[in-house]
1. If a residue has to be over 30 Å from E706 (Cα atoms) and part of a loop (DSSP other than H, G, I, E, B) to count, how many in the stretch 469-513 make the cut?
2. Write out, first by first residue and then by second, each pair whose Cβ atoms fall under 8 Å of each other, whose residues are 6+ apart or on separate chains, and whose first residue, in the stretch 573-596, is within 30 Å of G450 (Cβ to Cβ) while the second is in a helix (DSSP H, G or I) and among the β-branched types (V, I, T).
3. Of the conditions (1) modelled with pLDDT of 75 or more; (2) open to solvent by 30 Å² or more (accessible area, probe 1.4 Å), S318 satisfies every one except a single condition; which number is it?
4. When you scan the stretch 71-90, do you find a residue that is within 19 Å of V143 (Cα to Cα), at pLDDT below 95, part of a strand (DSSP E or B) and open to solvent by 20 Å² or more (accessible area, probe 1.4 Å), even just one?
5. Among what's in the stretch 562-587 and is out of contact with any helix residue (DSSP H, G or I) (no Cβ under 9 Å at 6 or more places or on another chain) and open to solvent by 30 Å² or more (accessible area, probe 1.4 Å), pick the residue that is farthest from K385 (Cα to Cα).
6. Can you name the residue in the stretch 149-160 that is closer than 23 Å to R124 by Cα and not in a loop (DSSP other than H, G, I, E, B) and is also farthest from the chain's Cα centre (by Cα) among such residues?
7. Can you report the number of residues in the stretch 359-396 which are in contact with a Leu (Cβ under 9 Å, 6 or more places away or on another chain), within 24 Å of M433 (Cβ to Cβ) and open to solvent by 60 Å² or more (accessible area, probe 1.4 Å)?
8. Provide a single number: the residues in the stretch 439-459 that are open to solvent by 70 Å² or more (accessible area, probe 1.4 Å) and modelled with pLDDT of 90 or more.
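The values are calculated or read from the model by the stated rules, or taken from the named source; none is laboratory data. Quantities reported herein were computed from a predicted structural model and do not represent experimental measurements. Cβ atoms come from the backbone with ideal geometry, glycine included; neighbour counts cover every protein chain shown. Each accessible area value is taken on the protein alone, full model and side chains, heavy atoms only, with ligands, DNA and RNA left out. Shrake-Rupley method; radii C 1.70, N 1.55, O 1.52, S 1.80 Å.
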Amino acid sequence: MRITTRIGSCILILLLAGCGKESAVLNNRRSDSAITEGHYFINQSIEEVYPFDDRIYCVGDEVGYYTFDGGGLYHTLADHAADSVYADDTGIYLLCPSEAVVMAPDGTVLQSCPVDYRKNEEYRYGDPQICVTEEKIVYAYSVTGGDTDGFCLYTIDQATGEVSKADLTCENPPSFAHNIYPSGKDVLLVCPYEDPLRPAGRIGVYRYSPDDNCTEFLYTTDYDLSMSDLTDDGTLYICQENINTASRTLGYLEDGSLRSQRMIGLEEHAEAVGTVIGYTAEDGSNPDCRIDRIFYTGTDCLLWDSGNGVLSVYDIRSGGETLTVIRPASYIGKDGVTGASFFSGYSEEDMVNFSMEYDCRVESVSYPADEYENRLRMKLLAGDKDFDIVYFDESCGAILPAILNYGLYLPLEGYESVTAGFDRYMDGVREIMTCNGHLIGVPFTVRSRGIRITERYAELGLPELRNDWTQEDFWKICEAAVGKLNCDESLILSPGPMLLEPIIQQGASEGQISRSDVLTLMENLKKYYDAGVLSLSRRNTAVCCEVTVPAQSESWIAVQEEGRIVSVPLYKGKKYAAVQNFVFAASSSQNPDLALKYLEMLLSPEHIAEYRPGISYLLDDMTGYFEKIWPHRTSEYPKNQWAVVDCEIPAVAVWTNQNGRDALVGAEIAVYDSDGNFAQMTKEIINRMLSGEITPETAADEIIREARYRFME
């Protein structure tokens, strides 16, 4: 055995000042007890590495290993070319051209078995892997050419040397494996999962049983498991790349969620790798860093980059201050379309930036957005205390009453460092975020209704609309409009939900919804629908238009023409605004000081300007904000159409927000989710009434019954 000192080419870059952390043993399979956090240049000619005990085994043109005690020593075990390596306390397992080899820690060959891998020079081979179960050596590869074209998996009986080809027939059989892992006597395979209904980005996990020679599909997930590692206790750790935030999440899967332990910026990682390998570029760019394999030890995550020959070690222990965040994640729907929450991308950015700014760990528990409401409900109502920050998605409106009524949020009104940030919001936003005298969180979208008055309204000589008008005033205007509208005109389109919402909010909060008020609403809707004043379909000729204040992406068409905006008619002197997306600190937070700092960051002008264009429509000085972000647009586009070019950004129609401020001021928080399924149901009930299918009395009773069931029982 030859020993060579490699101090010059084994360079350590410490990522944390004063970091000299030692790693403990996770299990008897793997340890890196002598490696401190940093980036290590191994060798660019090495194909694959595998850490076990205090060694990093390396294969390529030869077999060897590194130790990192005393500056870094490279030991050559054998002049033996190999493409894949696995190690445990029984030996070193190598997949080599035409043979599988078992080697002792001192380099002695214990067993060699001929295999078909790379046996035919005319074929193309790829994705080589090897591992060992309790009884079998298992190896896999893909091949192009000949009768064996495709993905191949074989087992070798360690007692007899018999080689058997695995039968991979099953539901959606794997086309190749990203990784194979031993699991007792069986093998787990992480493979692409080809689902015609969900074509993009699916990963499937399979189990192969050598005893039965059968393959079973276990489950599929939207998380990227191509960079994963399975530990002896069955935990699947992954390295998830986040394109939107240029970062990687290191974490593990638990109960269908990704629990992140650390987030790494791609550029910061590439810069450190470039320093290690002495990379220079004329344009100052960093090297391309592609991760080929990851390994978890329980305390560290090791990332292997064969292109640069660098092994990166990241400490994932929860030492020091740790903030835990619950958030929704993107998902792929059954129709193959990617679904996302408003916070998709944003929340990853927030966590990366906070971790770097405050030099702390940010762990996250993320659930697919289509499951988020149910998952969040279970955690909140179960009294779990393993989280500090919650991203409340607009799909979760049904659980808002529980959050507010049971005090599951940390009140913010007593923390000046947080409340000062609300000075940058439009008038009325702080009041909407206040319930029972408590400031509940940091808002990102709120929705209050407003009415835009067109020039045609003034031509009809109808009464002037003011922000303090009432529902009684609305019906008087409907009466005045009878006989004045053209046959293709209407006063306003489908005002039922707009007028019903405050009745439901007020009644649910008082414990008694007024049947007489709901019935009056139904009777008047029917009366003026039959009179041709109200309409369900004459959208383009409505002389008043319901709009969202502040303006949001879905409403830019309705508000792009200038016109005066007033509040919706008041009910008992009140109007309401829905808090659609906000972030709050949990009352059960084990680290409330750090949670408050997180909210402070979300409210800081630097964070808003750099990372959150989507919040801008809540800002008080929106025009200045837009001119700063998009200076060229002030001359190229009319200001009320700036956002047409980037309509995915919720900040649209700046003039509407300025013109409609009074419509927002004075609104109270809409505690009950009158927007979601309930709104759709009430629309259907109202439409049945307007068509004559049911009476106003029946419609009122159905609406009240549904509201009581949803909000009061």
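1. Residues in the stretch 469-513 being over 30 Å from E706 (Cα atoms) and part of a loop (DSSP other than H, G, I, E, B): 8 in total.
2. Going by the 8 Å Cβ cut-off, the qualifying pairs are A577/I432; V579/I432; F584/I403.
3. Exception for S318: condition (1).
4. Among the residues of the stretch 71-90, not one is within 19 Å of V143 (Cα to Cα), at pLDDT below 95, part of a strand (DSSP E or B) and open to solvent by 20 Å² or more (accessible area, probe 1.4 Å), which makes the answer no.
5. Of the residues in the stretch 562-587, the ones out of contact with any helix residue (DSSP H, G or I) (no Cβ under 9 Å at 6 or more places or on another chain) are 573, 582, 587.
If we keep only those that are open to solvent by 30 Å² or more (accessible area, probe 1.4 Å) too, we end up with 573, 587.
On the way: G573: 40, S587: 9 Å.
Among them, the one singled out is G573.
6. I156
7. Residues meeting the conditions: 1.
8. Taking the stretch 439-459 and keeping what is open to solvent by 70 Å² or more (accessible area, probe 1.4 Å), we get 455, 458-459.
Applying the additional criterion that residues be modelled with pLDDT of 90 or more yields none.
Counting residues in the stretch 439-459 that are open to solvent by 70 Å² or more (accessible area, probe 1.4 Å) and modelled with pLDDT of 90 or more gives 0.
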